[in-house]
1. Taking the criterion of being surrounded by fewer than 16 Cβ atoms within 10 Å (Cβ to Cβ), modelled with pLDDT of 95 or more, more than 14 Å from PHE15 (Cα to Cα) and among the β-branched types (Val, Ile, Thr), would at least one residue in the stretch 70-80 satisfy it?
2. Being touching a residue at least 12 places away in the same chain (Cβ under 8 Å) and not in a helix (DSSP H, G or I) is the filter; apply it to the stretch 48-67 and report the residue that is surrounded by the fewest Cβ atoms within 10 Å (Cβ to Cβ).
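The values are calculated or read from the model by the stated rules, or taken from the named source; none is laboratory data. Everything numeric in this text was worked out from a predicted model, so none of it was measured. Glycine gets a Cβ as well: all are built from the backbone with ideal geometry, and neighbour counts include every protein chain shown.
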Amino acid sequence: MIEITQNNGGKFGEFSANYDRENAGVLQYEWKNENTFNIVHTAVKDGFEGKGIGKHLVSAAVDFAREKGKKMEATCTFAHAVLAKDASVQDIFSA
């Protein structure tokens, strides 16, 4: 089971993924301004690839943006690729 937690700091934040209680991956973001954050890095640890960890992390970021009424960008190539393919996020994601 995948559990996602968030740590939202002043300028930077991250979502961490645990898979069966083991740290499996992280998505890091940076606030560009008070309304927009940029996903800068997504990483999945060795041994956890192919389990959907990265997509779960991106999904958590989307949920956060919607819940808080924020916009998002992604300079992280993985997150950008996931978001660019998803027409349902075009209201909050700018490519």
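1. yes
2. GLY52
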